[in-house]
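Take a look at the structure below.
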Amino acid sequence: MSSPLPARSRVVVIGAGQAGLSAAWFLRRAGLAPGEGYVVLDHNDAPGGAWQHRWPSLTLSTVNRVHDLPGMALADAVDDTGGRVRAADAVPRYFAAYESRFDLPVHRPVGVRLVRYADGRGGPPDFVVETDAGEVRAHGIINATGTWERPFRPYYPGRDDFSGEQLHTADYRTPEAFAGRHVVVVGGGISAVQLLVEIAAVTTTTWVTRREPVWTEEEFTPERGRAAVALVEERVRQGLPPGSVVSVTGLPLTEPMRQARRAGILHRRPMFERIVPDGVQWSDGTLQRAEVILWCTGFRTALDHLAPLRLRGPGGGIVLDGAIPTRVAGHRRLHLLGYGPSASTIGANRGGRVAVRELLATLGIH
């Protein structure tokens, strides 16, 4: 959307990924007018959220399921009959069609610098959203910035002395880039094992994780998804940083994973103690020489722009309202999507509905 930002809007949604678009749809359905009623701010140049930045080999058949946004099915925008459509193409196409069909007021590219409280009198102050395209004053905020912008690379002794290349999942594109170089893949999530299997087809690998991987042959049904979301939600209620949904569901033991296990690719080693210039070393002195360390160690929530609101507690997490799983405790007009229980695509849809319903009730909009 090329129109200028409104100076005021009742609700500002920050982020136009799955969670942000879900919230926008529910705001539209509630009757809020685009612009002065609600706006969506997206720092990307085009629709697609984080999906447009995923590696080329990730397809709709290998991704851990993309749930339909409310009001429109993915299949309405993307034909994936053969299961080989790239996620980085399909999901942005879907999001673009979704924004167009419902005429959602998405402004892009707009980078949000910070969110602060205005100096109000006689009642709760409004929010001021400072962006690189101007300021927007809002009664309520739905933050849906997700995690892709904050790749996490844990520190280990010697990390800065490594003479090879260190990459993160966010940097990965094709396995051919690693041909002829030994790669240490760090991490126990779905992305880690998918990339490990791809890379092992062109070169030698070592897989290390902090904990023994837990494999499951259970289908990832909506019921299992909701149960996993509930466990993550409990951590957030305690003020702890949210764990991933995968950490409580286990790794899916698909046929490609079974083949990889039989080939010895998924032989896991415990976490090394330190990094040395030419590889990694365990506490018993064992050395694995390597030219590449690929950190598949997840992401942290992209919430730096909310720092002026002082949301984080002593445990490092943000405490959410016990009754309202998207609302920040003590900040009734601020909701977080893509954080904790709403970080998955199934959680994002549910979170969007809850956040809009509760925020509009707080603002007296029915």
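The values are calculated or read from the model by the stated rules, or taken from the named source; none is laboratory data. Bear in mind the structure is a predicted one, so any value in this text is a computation, not a measurement. FYI the Cβ positions are ideal-geometry reconstructions off the backbone, even for glycines, and counts take in every protein chain you see.
Key figures for this structure:
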{"read-out": "Some residue of the range 19-26 being assigned by TED's automatic domain parsing to the domain that holds Leu336 and out of contact with any strand residue (DSSP E or B) (no Cβ under 9 Å at 6 or more places or on another chain)", "value": "yes"}
{"read-out": "Residue in the range 258-280 that is in contact with a His (Cβ under 7 Å, 6 or more places away or on another chain), in the same structural domain as Thr204 (by TED's automatic domain parsing) and either at pLDDT 90 or above or exposed (fewer than 14 other Cβ atoms within 10 Å of the Cβ) (or both) present", "value": "no"}
{"read-out": "Filter result for Val91 (out of contact with any strand residue (DSSP E or B) (no Cβ under 8 Å at 6 or more places or on another chain) and surrounded by 23 or more Cβ atoms within 10 Å (Cβ to Cβ))", "value": "yes"}
{"read-out": "Qualifying residue in the range 334-344 (condition: more than 30 Å from Pro157 (Cβ to Cβ), assigned by TED's automatic domain parsing to the domain that holds Ile190 and touching a helix residue (DSSP H, G or I) at 6+ places or on another chain (Cβ under 9 Å))", "value": "no"}
{"read-out": "Filter pass, Ser191 being under 17 Å from the mean Cα position of the chain (by Cα) and among the hydroxyl-bearing types (Ser, Thr, Tyr)", "value": "yes"}
{"read-out": "Residue that is modelled with the lowest pLDDT, among those in the range 319-352 that are closer than 12 Å to Gly146 by Cα and in a loop (DSSP other than H, G, I, E, B)", "value": "Ala343"}
{"read-out": "Residue under evaluation Thr286, criteria (1) β-branched (Val, Ile, Thr); (2) at pLDDT 95 or above; (3) touching a Leu at 6+ places or on another chain (Cβ under 8 Å), criterion not met", "value": "(3)"}
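Residue by residue, here is whether (1) in contact with a helix residue (DSSP H, G or I) (Cβ under 8 Å, 6 or more places away or on another chain); (2) within 23 Å of Val356 (Cβ to Cβ) holds:
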residue: Gly111; (1), (2): no, no
residue: Val115; (1), (2): yes, yes
residue: Asp126; (1), (2): no, yes
residue: Glu130; (1), (2): no, no
residue: Ala133; (1), (2): no, no
residue: Arg137; (1), (2): no, yes
residue: Ile142; (1), (2): yes, yes
residue: Tyr155; (1), (2): no, no
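Conditions (1) in contact with a Phe, Trp or Tyr (Cβ under 7 Å, 6 or more places away or on another chain); (2) modelled with pLDDT of 95 or more; (3) assigned by TED's automatic domain parsing to the domain that holds Trp51, marked per residue:
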| residue | (1), (2), (3) |
| --- | --- |
| Thr131 | no, yes, yes |
| Val136 | no, yes, yes |
| Ile141 | yes, yes, yes |
| Gly164 | no, yes, no |
| Thr174 | no, no, no |
| Phe178 | no, yes, no |
| Val183 | no, yes, no |
| Ile190 | no, no, no |
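Residues are listed down the side, and each one gets a yes or a no for (1) in contact (Cβ under 8 Å) with a residue 60 or more places away in the chain; (2) touching an Asp or Glu at 6+ places or on another chain (Cβ under 8 Å):
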| site | (1), (2) |
| --- | --- |
| Thr286 | no, no |
| Glu291 | yes, yes |
| Leu294 | yes, no |
| Gly298 | yes, no |
| Leu303 | yes, no |
| Arg310 | no, no |
| Pro314 | yes, no |
| Ile324 | no, yes |
